Amino acid sequence: MNAQTRQNLIDAMHGEAYAFAKYMLFAEHARRSGHPDLPDLFEKTARVEHLEHFAEEAELADIVGSDVANLRDAIKGEAYEIDTMYREFAVQAEAEGEQAAAARFREVRDDEMGHRDAFTAALQTLEVARTGRARRA
Ligand SMILES: [Fe+2]
Ligand SMILES: [Fe+2]
């Protein structure tokens, strides 16, 4: 696939995933604020963003591979968040006196370590099942 088109698909998927998550929060808010038709509208729209727009773009961009490939991809993503993104965001927030954000970035980073480790363990289990021995992730 053309590199620019593939990048555009990935950018679009980020937007669709963000819209899905945001609309789910909006639905939750609408439920609490007593507007009875709004939660359904937000959730119905969120489902289309996720199960149609995101999923169809993911298929074109070939995002989903074998379970082993998916675990490797997931480990790479979590590692980026741990080693680069949340590490740097926490340092920057700290430097700017944004204590709440700094603490949140550090906490989320800890969670991502758990995700990375669980994916790594699952990958090793799959590798052992496939080859009879573990390989380095
Ligand atoms: Fe959409
Ligand atoms: Fe994660």
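Which value, in Å² rounded to 10, gives the accessible area of residue 98 with a 1.4 Å probe and all protein chains present?
Accessible surface of residue 98 is approximately 100 Å².
Give the value in nm², to one decimal: projected area of the alpha carbon convex hull of the range 3-60, averaged over all directions. Don't jump to the answer; show the numbers that get you there.
On the way: hull surface 14.0 nm².
Projected over every direction and averaged, the Cα hull of the range 3-60 covers 3.5 nm².
What order do 38, 123, 51 take when sorted by accessible area (1.4 Å probe), most exposed first?
Details: 38 65, 123 5, 51 105 Å².
The ranking, largest first, comes out as 51, 38, 123.
In what sequence, largest accessible area first, do 59, 112 appear using a 1.4 Å probe?
59, 112
Mind ranking 1, 113 by accessible surface for me, highest first, 1.4 Å probe? Present the calculation step by step, with values, prior to reporting the outcome.
Details: 1 130, 113 50 Å².
Of 1, 113, the descending order of accessible area is 1, 113.
Can you show me the helix-derived [θ] at 222 nm for the chain, built from DSSP H runs with n ≥ 4 at -39,500 (n - 2.57) apiece and divided by the number of residues, rounded to the nearest 500. Display every interim value, and only then the final one.
Details: 6 runs with 103 residues, N = 137.
Here the helix-only value at 222 nm equals -25500 deg cm²/dmol.
Run the numbers on the chain and let me know its relative contact order in percent, using alpha-carbon pairs under 8 Å that are six or more apart.
Numbers: 112 pairs, mean separation 26.6, N = 137.
Computed over the chain, the figure is 19 percent.
The values are calculated or read from the model by the stated rules, or taken from the named source; none is laboratory data. In this text the structure is predicted, and so the values were computed from the model without any measurement. The accessibility values were calculated without ligands, DNA or RNA, using every heavy atom of the protein model including side chains. Shrake-Rupley method; radii C 1.70, N 1.55, O 1.52, S 1.80 Å.
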